[in-house]
Each structure stands twice: as structure tokens, then as C-alpha cells.
Amino acid sequence: MTANQETRNFFVVGLRDAHALENQALSLIDRQLDRSESYPEVAEMLRQHRGETEQQILRLREILTKLDESHSGMKDVALSFVGNVAALAHTVADDEIIKNSLANFAFENYEVASYRSLLTVAEAGAFAFATSLLSQSLNEEQAMADWIGSNLPALTTKYLSLRSHGMQADR
Ligand SMILES: [Fe+2]
């Protein structure tokens, strides 16, 4: 196999992994949307990011289509890190909102890292058509990761306050 073919294959596998990852992101978000009644600011960001995630999936499909590759037949995300993060976000705990935020922070940063790596492969393989699409998704993931990180102190303070007033704080 030539170096060009190697790069192309690696790119396709990475794109399919990202596609599976984004689908996992949708289910993580959907579950949390119904479970953040006391935190409408979080629900709003999740809703917004759900829309972005749908666009990210379409972008990945567009790139795969241009490469003449399908997005089906992709393997399940058996990546143990992602599985563990997803499991963490499915924990029902009395600090569920906090646990979810920690898991979301890890998940979004994983997505940031994935897109950064994909962009590097796109450049290495001279897949110029893909770079602006991937950059757009990278910027959205970075913005979401930044928001989750910077909102964490306020979220934690609100959680403690609701709890100490005997109000619903878990979600
Ligand atoms: Fe994301």
C-alpha cells in the first residue's frame, strides 16, 4: 500500500469513528435534556449543541461521500474511554447534574482532540475539501468544552445552594 493510500484509509477510519462518536453524543445529550429541570441554562446549551451535533454528523457524511465511502458499516464506539464516560453520565446520583457536567467536559474535549487529529490527517493527505468542514466542527466542540468548563463553578455553587434550601438540586 502506498503512503497516500495509508493516509486515506486512516482518514476514512477516523471519520467513521467520529461519526459514531457524534451519534453517541446525540444520545448522551438526549438523555440529559429531560434531566436538568432545575438547570435551564444547561438544558439550553445542550439543546443548542444538539443542533450543532446534527450538523457535525452531516459534515462527516459529506466528507465520506466525497471520498466515495459510506458512513455505514462503521464500528460501534468500543473505545473504552468513551464507554466509560458514557457510563459515568448515566449514573443516577444525587449530584447527577455535576456528574453529567464532568462527563460532558471529558466527552467534548475528546471530540476536540478527535477533530484536531482528523484535521492533521486531512492536511497530510491533502484533502483540502475537508478542512473547513472539520475546522467548523472543531470550533463548535471547543466552544462547548469551554462553556462547560467555565460554567462549572457557577453550576456547582447553584447546586450547593439549591441543596441547602431543600430544593431539587440533583437535576
Ligand atoms: Fe460535541
>> Of the candidates E141, E108, E54, which one comes out as most mobile in a Gaussian network treatment of the chain with C-alpha springs shorter than 10 Å?
In response: E54
> Roughly speaking, to the nearest percent, how much of segment 3-164's 1.4 Å accessible area is carbon and sulfur?
Replying inline: 55 percent
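Note down the relative contact order for the chain as a percent, whole number, built from C-alpha pairs under 8 angstrom at least six residues apart.
On the way: 147 pairs, mean separation 48.4, N = 171.
Relative CO of the chain lands at 28 percent.
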> Applying the Karplus parametrisation 6.51 cos²θ - 1.76 cosθ + 1.60 with θ = phi - 60° to the phi angles of segment 22-37, what ³J(HN,Hα) value in whole Hz is obtained for each residue in order, glycine and proline being reported as x?
Replying inline: 5, 5, 5, 4, 4, 6, 4, 5, 4, 5, 7, 4, 7, 10, 9, 4
> Averaged per residue, what accessible area in Å² does the chain show with a 1.4 Å probe, protein chains only?
Replying inline: 51 Å²
> Could you list, bin by bin from short to long, the percent of Cα-Cα pairs of the chain in 5 Å steps?
Replying inline: 1, 8, 17, 20, 17, 12, 9, 6, 4, 2, 1, 0, 0, 0
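Charges at C-beta only: +1 for Lys and Arg, -1 for Asp and Glu. How large is the resulting dipole of segment 3-164 about its Cα centre, in Debye rounded to 20? If you can, show how the numbers build up before the last one.
On the way: 14 positive and 23 negative charges, 25 e Å.
Computed about the Cα centre, the dipole is about 120 debye.
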> In segment 9-49, which GluC sites (Glu not before Pro) fall in coil by DSSP and have 16 or fewer other Cβ atoms within 10 Å?
Replying inline: E37
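If each DSSP helix of 4+ residues adds -39,500 (n - 2.57) and the sum is divided by the residues in the chain, what number results at 222 nm, nearest 500 deg cm²/dmol?
Numbers: 5 runs with 134 residues, N = 171.
My calculation for the chain gives -28000 deg cm²/dmol from helical runs alone.
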>> Test of understanding: in a Gaussian network model of the chain with alpha carbons linked when under 10 Å, which of N104, N139, N23 would top the mean-square fluctuation ranking?
In response: N139
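The values are calculated or read from the model by the stated rules, or taken from the named source; none is laboratory data. Because the structure is predicted, anything quoted here is derived from the model rather than measured. Using ideal geometry, Cβ is built from the backbone for each residue, glycine included, and neighbour counts are taken over all protein chains shown. Each accessible area value is taken on the protein alone, full model and side chains, heavy atoms only, with ligands, DNA and RNA left out. Shrake-Rupley method; radii C 1.70, N 1.55, O 1.52, S 1.80 Å.
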